[in-house]
1. Could you tell me which of rounded, prolate or oblate describes the range 132-205, using a ≥ b ≥ c as the square roots of the eigenvalues of the alpha-carbon gyration tensor, with rounded for a/c under 1.5 and, failing that, prolate when a/b is larger than b/c and oblate otherwise?
2. What ranking do Ile196, Ile100, Ile293, Ile17 get, fewest neighbouring Cβ atoms within 10 angstrom at the top?
3. Run a plain Debye calculation on the chain (Cα atoms as equal point scatterers, no solvent) and give log10 I(q)/I(0) at q = 0.10, 0.11, 0.12 Å⁻¹, rounded to two decimals, same order as the q list.
4. Find, among the GluC sites (Glu not before Pro) in the range 104-173, those assigned to loop by DSSP (not H, G, I, E, B) with at most 16 other beta-carbon atoms within 10 angstrom.
5. Which ³J(HN,Hα) values in Hz, rounded to whole numbers, follow from the phi angles of the range 198-205 under the Karplus curve 6.51 cos²θ - 1.76 cosθ + 1.60, where θ = phi - 60° and Gly and Pro get x?
6. Residue by residue, what Karplus-based ³J(HN,Hα) values in Hz, rounded to whole numbers, does the range 241-255 have, using 6.51, -1.76 and 1.60 with θ = phi - 60° and x for Gly and Pro?
7. On a straight-distance basis, which lysines could pair with Lys208 in a cross-link, Cα separation under 22 angstrom, same-chain partners fewer than 8 positions away excluded?
8. Taking every pair of distinct Cα atoms and averaging 1/r, then inverting, what Kirkwood hydrodynamic radius in Å comes out for the range 1-101?
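Nothing in this text is a laboratory measurement; each read-out follows from the coordinates by a stated rule. Predicted model only: the values in this text are computed from it and were never measured. A quick note on method: Cβ atoms are made from the backbone with ideal geometry, for glycine too, and the neighbour counts reach across all protein chains shown.
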Amino acid sequence: MILTLTLNPSLDRTIAIGALDRGAVIRAAAAHLDPGGKGVNVSRALLANAVASRAVVPFGGDEGRQLVRLLAAEGLDMVTVPVIGPTRSNVTLAEPDGTITKINEPGTALSPGELDTIAEAVLAAAHEADWVVASGSLPPEVPADVYARLCRRFAGAGILVAVDTSGPALACALGAAPALVKPNAEELAAATGMPIRRLGDVVEAAGKLRAAGARTVLASLGADGAVLVEDTGIWYGEAPVTEPRSSVGAGDAMLAGFLAGGGHGPDALAQALAWGAAAVRLPGSRMPGPADIDPGCVAVGPPDPARLLSSTPPAPAPLP
Ligand SMILES: Nc1ncnc2c1ncn2[C@@H]1O[C@H](COP(=O)(O)OP(=O)(O)O)[C@@H](O)[C@H]1O
Ligand SMILES: O=P(O)(O)OC[C@H]1O[C@](O)(COP(=O)(O)O)[C@@H](O)[C@@H]1O
C-alpha cells in the first residue's frame, strides 16, 4: 500500500483561454474543476490503475468539503482530517500552444494541534504502507522540517519515504535521508544553486542531492522526460507527446507510476514516463488509467550528458 500525505491540498480549476493578454477581459473557452494537491494526485493516479493507496487529507471550509466530495466521488481511500482554515483553490490558465500559467494560493496555516492530529493519522495508517509519499508545498507557518521528521520517524521501520517538495522543506528533508526525492528542473536548480541546461547538469545536480542525503533522485524534466539516479545506476528516458493538453498533475502521475512500477530501476522509470505522458494528454489534472497509458511511447537508456534541455529553468538565486 502507498500512503500519501498532502498538507496543502487544493481545488484545482483549469481554465482554457485563447492567449494570456494581461489587463484584458479574457473569455474562457472551457473550465475543469479537479481535486488537487500533490499527494492527493499520486493517490488518484494509483487508484485509476488499481494500485492500493490511501490519502491523508486535511480539509477546511466549503472548499475543503467540496474537495472531499470530489475525492469520494472518485472512490479514493482517504483519511480526512478536519481543520479550521479553508482549503485553498489553485488556478491554471491553459493556452492552446500548451503554455500553462499556474497561480497557487499559499493555503491556510495549520495549528500545532492540527499538525499533531494529521501526524497521528499518518502513523496510524503507515503500518500497512510500503511507501509514504509526502508531497507538495507547506501551508504558512508549518515548520520546514515537517517532512524531515516523517523521514526520521520511519527510518529503520521498513517504510520508505518519498518527498516531492521545494525550498526549505526539501532542504530539510534531504538531511533526513529520504528514500526518494522528485525534483523538477527548477527545484533541482534551486536546491543545488546550479544552472540546469544539459542532461549532464541534471546528473551532477542529482548527485549533489544524493550527497546531501537522498538515496534516489527522480528528476522530472517536463517535455524532456526524466533522469533517475540511484545506487545501481543512472538512466534517462523520454516519452514525447505531440498534442499536450495539460501538464498539471503530470509530475504526480509520474511519481505514482514510478512507485507502482517498483520504485527503482529502468523499468520503473519507463512506467513513470508512460504515466506522466498519459497525464499530459488529458485535460486539467485528470489522472490516467490503463486505457490512457501507452507503455510503447517510452525510450529509456543512458543519458547523453551533452544533450541540451529544450527549456532551461530560471537561473537559481545564489545560495545563502
Ligand atoms: N510536454 C510534455 N510532453 C511529454 N511529457 C511531459 C510533458 N510535460 C510533462 N511531461 C511528463 O511529466 C513529467 C513531470 O513533468 P514536470 O513538469 O517535470 O513535473 P512537475 O509537474 O512536477 O513540475 C515529466 O518528467 C514527463 O514525463
Ligand atoms: O503544493 P504546491 O507546490 O503548491 O502544488 C500544488 C499543485 O500541484 C498539483 O498537485 C500539480 O502538481 P504537478 O503539476 O507538479 O504534478 C496541483 O494539483 C496543485 O494545485
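1. Judged from the Cα gyration tensor, the range 132-205 comes out oblate (a/c at least 1.5, b/c at or above a/b).
2. So the residues, fewest neighbours to most, are Ile100, Ile17, Ile293, Ile196.
3. Rounded to two decimals, the profile gives -0.52, -0.64, -0.77.
4. Qualifying residues, ordered by number: Glu128, Glu141.
5. Those phi angles translate into 10, 4, x, 5, 4, 5, 5, 5 Hz.
6. These are the phi-based 3J(HN,Hα) values: 10, 6, 10, x, 9, 7, 8, 5, x, 5, x, 6, 4, 5, 4 Hz.
7. Lys182
8. Evaluated over the range 1-101, this radius sits at 14.5 Å.
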